[in-house]
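Just so it is clear, none of the values below were taken in a lab; they were calculated from the coordinates. This one's a predicted model, so the numbers in the text were calculated from it and none came from an experiment. Because the Cβ atoms are built from the backbone with ideal geometry, glycine has one as well, and the counts that use them run over all protein chains shown.
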Protein chains: 2
Amino acid sequence: MVEEQLTQTFEDVHRLLEEGRRHEAAALIAPLLPPDQAEIFEDLTLEEQVRLIKVVEARQAANILEALDEDDAANLAQNLGIEALTRVLDEMEPDEAADLLGDLTPELRRQSLAQMSDQVEVRSLLRYPDDTAGGLMTSEYYVFLEDTTVGAIFNHIRAQPIQDEEIPYVYAVDEDGRLAGVARLADLIRAHHELPLLAIVDTQFVSIDAGEDQEIAAQLLNRYDLLALPVIDTQGRLLGVITVDDAIAALEEEATEDIYKSAGILSTRDNQSVKSDLMVRGPIWRSWMVRIPFLLVTMIGGILAGGVIGIFEEALETVVVLAFFIPIVMGMGGNSGTQSVGIFIRGFVLGQIDPQDFGKHLLREVGVGLGLGIILGLIAGGAATLWQGNPMIGLVVGLSLACTVTLATGLGFLVPLLMNKLNIDPAVASEPIITTINDFTGMLIYFMFASLFMSSLM
Amino acid sequence: MVEEQLTQTFEDVHRLLEEGRRHEAAALIAPLLPPDQAEIFEDLTLEEQVRLIKVVEARQAANILEALDEDDAANLAQNLGIEALTRVLDEMEPDEAADLLGDLTPELRRQSLAQMSDQVEVRSLLRYPDDTAGGLMTSEYYVFLEDTTVGAIFNHIRAQPIQDEEIPYVYAVDEDGRLAGVARLADLIRAHHELPLLAIVDTQFVSIDAGEDQEIAAQLLNRYDLLALPVIDTQGRLLGVITVDDAIAALEEEATEDIYKSAGILSTRDNQSVKSDLMVRGPIWRSWMVRIPFLLVTMIGGILAGGVIGIFEEALETVVVLAFFIPIVMGMGGNSGTQSVGIFIRGFVLGQIDPQDFGKHLLREVGVGLGLGIILGLIAGGAATLWQGNPMIGLVVGLSLACTVTLATGLGFLVPLLMNKLNIDPAVASEPIITTINDFTGMLIYFMFASLFMSSLM
């Protein structure tokens, strides 16, 4: 639905709720698709949300809660009251219900689980952490013993109520529940009704272990162009299925995370990503909390760099012109290092940088950096010579730039690799560490060259 | 397939090819899934690739070309010879064939199109630019007149050969080809065979105009949890369908682009994104080409900042200690500005920042920046006071930091918005412009405060 129409509908809904006509408001949003309904909900106050959702049919309310942002959904659920909440949870897809339950207070989670009708399913999903393959999977999919006939499967599907999100695959398992193969509904339609499922499934399927990271699941779905990915345990038993829409959501989340981390926006809580709408709309103190850590670490770099300048105070007093080139040496080191970190992190996430081949990658990057350093050093050295009319200052600036840039690009690969070896997320820690090292080493290199050529500079 | 096994297979394939046993090499990769076969191809030389693909079955060769990276696929196709190439193109999915043809030389494209058997289909796809919805769509999907019965549709599907990537939807069109509704295969299985398609389709479907940006298509697939998105013309006629795997690829490409741009890695050609594997494995001069523009622009910032310091040479000669705090003032301005740009760009891409509400967003960000500036100013000012034993230097550093950080965060939102209004991609241009402005204004603010309090600093 186009944005302007949504805004108009929101205003009408808001007005109707203010006038106490909530059934009319519910009728107004009923024809919309769930993500559009959710968008209208997001702009209502919590109190209005509660009033409206209570007059919406349970199935539709479930869809809205699924489409809402995690935090908003948890907030609304927390205020629904136990009975309405249980009714809605029963209508939600099991994986979404499990995610929502995980965000509720322990007390409310216990109460609503106890009253839910498909609590066994949801309980089994609750066992897996949110960011693993197990945490992403759903328990609603078609699975049959491998000797079930196609005709029997058709009869089973016909007897099922229509689901909102129906996975277009059928999974075959052996008597121990081990995954034996996957067939698409289109394959089923083509097959004779007397054939056993095993005869038509593809036995060369891709699957994932429940404990694997959600990022791996997203990569597999993407790499093999799958619409759904089966999740198995260590014995190969089928536990659940991850749908491609969850993979897209996981990929978007990862991308936001990487972009934020490379811009120095860090979550203060472990394993918790910074939501982009929180940075745009959330409380201001949350923005401070996630932005200050990076700024503080880089401040240490600034102070260390200042300390280095302090050591060379005497040289600076003699040739005050040296101060003019502090910004360019610092800036170029920082910026070329940032480029390298960006390339490393993205190449690493996409699997193009293999830690085992690290020497080769590092060598290539240092080669790139040396070239960049020479080019930039020549330009900046030339500019400095022209400005100050002294080729020696040009030489000092040019040499410093060449060395700083080469070192910065190398560190831009080396630091994230070391982080990775130490099991620290390279995307989080690399930027501030590199900025700090670069500021410090840049000044050291610059003033050492200056001292070396001091007599010609005076 | 696990990475070690793939490496082993690659080595075996490579050895067999060297020994001239290419049929054995082909047999070795035959059981692998196409993306794994493609990975082995990527590590072979072009000459080896050509020798191997010529003994691989056309259908399998088509799958490999589809799974290969765009540039690698074009390179290989260019060297296949016209007959082998046409055979493979005919086996490829029409949208993939069109993409590949678009990457060939005009001469070879003309020749192979003339010899292809489903050239009409592919020609119609070639009309749309690569990065639009039309460029992403395929022409292989199930479409029927709205009064076709479910039984007739089943008969039609049964008569079709099995496709690798089969879209699990059936589209209904009216007599003018206008899209009337969408049904899932699961809905078809549940329906009576005598029912017309129109009776079971969902008429409340999401579609996209062929000329829209591919990013919009990806966002729609994601927002509405679709497995495929119909593409229509301005009259509502169905032109093709975008599958979710293409949307994932588009999202990944966009994410790489945004991360690269924010790290100052820019494509020199318009509308062409920098491929991450090119930065990791490609020729070194390509890395220089995309990294130098950003570094040169920021170098101007460094020179301007140096010029500002030059203006205040006298102050600096009197109080040389002022030079010690150049790094911290410059660094904090740059880093807080980078954070703001990151938040703006991501919020903008995800649709959370509305240019119409810009005043509100800017005000919030300046509020965040003021808070950050005050906190960082207090800390840095305190540290400067302790270090130099002079509270006045602390005051100058603290005030400068507070102003610089506030200004930098505001610019971090203002500059990308202006870029957007001028129809320049904000992700590309914002970082270097902001770094340049921040370096310059940071030094100006710092030395103006220093001049103001000069008498107390001496």
- Item | Calculated from backbone phi, Karplus (6.51, -1.76, 1.60) coupling profile of the range A:89-94 in Hz, x at Gly/Pro | 4, 5, 8, 6, 5, x
- Just the number, please: percent antiparallel of the DSSP beta bridges in the range B:77-236, rounded to the nearest 5. 55 percent
- Which far-off residues, 5 or more places away or on another chain, put their amide H under 5 Å from the one on A:Ile232, with H placed in the peptide plane? A:Ile208, A:Asp209, A:Ala210, A:Leu239
- Starting from the amide H of A:Thr138, placed 1.01 Å from N in the peptide plane, find each other amide H under 5 Å away whose residue is 5 or more places distant or on another chain. A:Val241, A:Ile242, A:Thr243
- Message: I need to check one value: relative contact order of the range B:215-353, counting alpha carbon pairs closer than 8 Å and at least 6 residues apart, in percent.
- Response: 13 percent
- Item | Label distances, nm, A:Gln111 versus same residue in remaining copies, Cβ-directed 7 Å point | 7.6
- Item | Calculated from backbone phi, Karplus (6.51, -1.76, 1.60) coupling profile of the range B:193-209 in Hz, x at Gly/Pro | 5, 8, 5, x, 3, 4, 6, 10, 6, 8, 8, 9, 10, 9, 9, 9, 6
- To the nearest 10 degrees, how steeply does helix B:358-388 sit against the main Cα axis of chain B, on a 0 to 90 scale? 50 degrees
- How high is the relative contact order of the range B:142-248, given as a whole-number percent (alpha carbon pairs under 8 Å, six or more residues apart)? 25 percent
- Item | In order through the range B:304-318: 3J(HN,Hα) via Karplus (6.51 cos²θ - 1.76 cosθ + 1.60), integer Hz, x for Gly, Pro | 4, 4, x, x, 4, 4, x, 4, 9, 3, 4, 4, 5, 5, 6
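When the chain is fully extended, how far beyond the present Cα-Cα distance does A:Ile216 get from A:Glu107, taking 0.36 nm per residue of separation? Working shown, then result.
Numbers: separation 109, 0.36 × 109 = 39.24 nm, distance 3.31 nm.
35.9 nm is the gain from fully extending A:Ile216 to A:Glu107.
Can you give the FRET efficiency for A:Glu314 and B:Leu350, using 1/(1 + (r/R0)^6), R0 = 51 Å, r = Cβ-Cβ distance, to the nearest 0.05? Present the calculation step by step, with values, prior to reporting the outcome.
On the way: r = 53 Å, r/R0 = 1.04.
Once rounded, the FRET efficiency stands at 0.45.
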- Along Cα-to-Cβ, 7 Å out, sits the label point; list in nm, shortest first, how far the one on A:Ala159 is from those in the other copies. 3.4
- Message: What is the distance in Å between the Cα centroid of the range B:324-387 and that of the range A:301-377?
- Response: 23 Å
- Neighbour-count ranking [beta-carbon atoms within 10 angstrom, fewest first] of B:Phe324, A:Phe154, B:Phe205: A:Phe154, B:Phe205, B:Phe324
- Alpha carbon centroid spacing (whole Å) that separates the range B:38-64 from the range A:400-441: 38 Å
- Pairing the Cα long axis of helix A:326-349 with the longest principal axis of chain A, what angle in degrees results, from 0 to 90 and rounded to the nearest 10? 30 degrees
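Could you compute the longest span of chain B free of trypsin sites (Lys or Arg not before Pro) located in DSSP loops and having at most 16 other Cβ atoms within 10 Å, not counting the site residues?
Working: sites that count: B:Arg21, B:Lys54, B:Arg127, B:Arg269.
Result for the longest clean stretch: B:270-458.
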- Message: Sequence gap at least 6, Cα distance under 8 Å: using those rules, report the relative contact order of the range B:337-455 to the nearest whole percent.
- Response: 31 percent
- Message: Rounding to the nearest 10 and keeping the result within 0 to 90°, find how far the Cα-based axis of helix B:244-262 lies from the longest principal axis of chain B.
- Response: 20 degrees
- Taking every DSSP beta bridge that has both residues in the protein assembly as shown, what percent is antiparallel when rounded to the nearest 5? 70 percent
